[in-house]
Every structure is written in structure tokens, then in C-alpha cells.
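Undergrad: Attaching a single structure in C-alpha cells format; questions to follow.
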Amino acid sequence: MARTIQSLERAAAMLRLLAGGERRLGLSDVASALGLAKGTAHGILRTLQQEGFVEQDPASGRYQLGAELLRLGNSYLDVHELRARALVWADDLARSSGESVYLGVLHQQGVLIIHHVFRPDDSRQVLEVGAMQPLHSTALGKVLCAYDPVAHAEVADAERQAFTPRTVTAMPDLEGVLDLTRARGWASDVEETWAGVASLAAPIHDRRRMPVGAVGIMGAVERVCEAGELQARLVAAVRDCARAVSRDLGAGRF
């Protein structure tokens, strides 16, 4: 059995303690409830306070949960709401396009796949939920970089690897790609990340009209493209799916 880190276990126990029952507790209350020495409890509480997970009331000296936990909780809820709202539309997109559908969000310096619908045929496929894709070369990543300033900053600071001869790595050239993405409302990746594979994606916005993710399809170049160009019907299908999810999130018409 893998060993656990005692200090992290104690910190988690403190957060659970502060989350239940009486919401403000003194140092003695926390130490007594968890069976810790006051010095140990105080050190962990101070660390949690510095990170924003715990706040201390200046008047009483008692501790309560901090705003950083609320921010992380809202992020968790946003991702799960996005996935829940996209389920039906993603299934419809897979059926209409005949290709795999991916839903991605920004995570650190990449795209985290939070939902994946298999291509609707009998081929053997691997579920890629939880996988990471690069920002600078994939259709999902380009969409996020084009519409989300945080994603744009991440890709500008990241090491942009050349996966194929088609990969755009120079930031001035990538800026041109992102300008085009914003102008037409979707992004593409034709053998820029994987040889023989093409993808396209469109942005999803929430009720604040903020970009919260991207949805797209991916498949063999010979299926997704026609005469060297992405098929117009597939572009329309992806954009329609993104608009539908955005509407369900309260974004209204785009």
C-alpha cells in the first residue's frame, strides 16, 4: 500500500473540520478535535492561511474556510456543468459527423479532455478522458488560446514543440493563426499534431459570455478533409454544437 503524507492528511482533516458544524474554530478547538499539539496545528493552519484556504478573524482569532476554496469549488462545478450540458449535443455531433468528439478545457499549459464520444463505428477506440493535448497545435487548444486570455498567456510562455513539419511554433506565426480563428469562429489542425489526423473545434461560452471550453471532432484526414480543405458540413456541425452548449450554459445567441 502506498504511503501517505501525514501533513497533507492533517491539513485535509482541518479543512473538513472547518467545513462542518461550527464554521469558526479557535486553535485549541482544532488541535483538540484532531488530537494534535497546538504548535503542530498552528503551523498547518498558518500554511493554509498563506495559501488562501483558511482565513483568521482578526477580532476573535478564530479560523474559517478561505476564499481560495470557493474559487476551486466553483471551477470544479463549472467543469462538471459544462460536461453535463454538453453530453447530448456531443452525442449528436458524433452521430452527424461520424467522427470522435472531444470536449476540452484549459489546464495549466495544455488542454484537458473532460469528455470523449467515440466515433460511431465498430473500430477499436481508447477513451481519452483525462488526457492532455497541446495548446499551440490542436484545434481545441487554438480555440482556447484565441478566446481565453489566460490560455493565450500560457501558450506564449510555453515551449511550443514541433510535432510534425506542419506544426506552427513561432509565436508571431501562431498569433496569425489565432487571429484567423477569432475571425471565422473555429480552429483547425490538419496534421499539425499527429500525422494523418485532422481536427476542428469551436469555442463554448458561459452565461457571462466567457470562454469556458471548446468542442471539436477528430478523424483521419481523408474523412475530415475534401480536396485539401476541411469539409464545410463538418465545420457547420461543430459550430452548431458549440452554440447549442453555449446556449444551455446561458450564453444566448452567438
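Undergrad: Picking from V197, V150, which residue would you name as being without any contact (Cβ under 8 Å) to a residue 40 or more places away in the chain and in contact with a strand residue (DSSP E or B) (Cβ under 8 Å, 6 or more places away or on another chain)?
TA: Going through V197, V150 in turn, the sole match is V197.
Undergrad: Search segment 205-229 for residues that are farther than 14 Å from G250 by Cβ and free of Cβ contacts under 8 Å to residues at least 60 places away in the same chain and pair each with any residue that is open to solvent by less than 20 Å² (accessible area, probe 1.4 Å) and not in a helix (DSSP H, G or I) when their beta-carbon atoms are under 7 Å apart and the residues are at least 6 apart or on different chains.
TA: Between residues of segment 205-229 that are farther than 14 Å from G250 by Cβ and free of Cβ contacts under 8 Å to residues at least 60 places away in the same chain and residues that are open to solvent by less than 20 Å² (accessible area, probe 1.4 Å) and not in a helix (DSSP H, G or I), the close pairs are V221/A198; C225/A198.
Undergrad: Consider E68 carefully, then state whether it is at pLDDT below 90, part of a helix (DSSP H, G or I) and on the phi < 0 side of the Ramachandran plot.
TA: So E68 passes the test.
Undergrad: Going by what's in this entry, would A251 be described as among the hydrophobic types (A, V, I, L, M, F, W, C), in contact (Cβ under 8 Å) with a residue 40 or more places away in the chain and assigned to a strand (DSSP E or B)?
TA: no
Undergrad: Residue check, D206 against (1) over 25 Å from R95 (Cβ atoms); (2) open to solvent by 50 Å² or more (accessible area, probe 1.4 Å), all met but one. Which one?
TA: Against the list (1) over 25 Å from R95 (Cβ atoms); (2) open to solvent by 50 Å² or more (accessible area, probe 1.4 Å), D206 comes up short only on (2).
Undergrad: To continue, here is another question. Being in contact with a helix residue (DSSP H, G or I) (Cβ under 9 Å, 6 or more places away or on another chain) and either of a type in the set (S, T, Y) or open to solvent by 20 Å² or more (accessible area, probe 1.4 Å) (or both) is the filter here; which residues of segment 211-221 pass it?
TA: If the condition is that a residue be in contact with a helix residue (DSSP H, G or I) (Cβ under 9 Å, 6 or more places away or on another chain) and either of a type in the set (S, T, Y) or open to solvent by 20 Å² or more (accessible area, probe 1.4 Å) (or both), then P211, V212, M218 are the ones that fit.
Undergrad: Name the residue that is surrounded by the most Cβ atoms within 10 Å (Cβ to Cβ), counting only residues in segment 187-203 that are of a type in the set (A, V, I, L, M) and in a strand (DSSP E or B).
TA: A201
Undergrad: Further question: Scan segment 133-141 and tell me whether some residue there is more than 20 Å from W186 (Cβ to Cβ) and touching a strand residue (DSSP E or B) at 6+ places or on another chain (Cβ under 6 Å).
TA: no
The values are calculated or read from the model by the stated rules, or taken from the named source; none is laboratory data. Keep in mind the model is a prediction, meaning the values are calculated, not measured. When we count neighbours, we look across all protein chains shown, and the Cβ atoms used for this are built from the backbone with ideal geometry, even at glycine. Remember, those area values only see protein heavy atoms, side chains included, never the ligands or the DNA or RNA. Shrake-Rupley method; radii C 1.70, N 1.55, O 1.52, S 1.80 Å.
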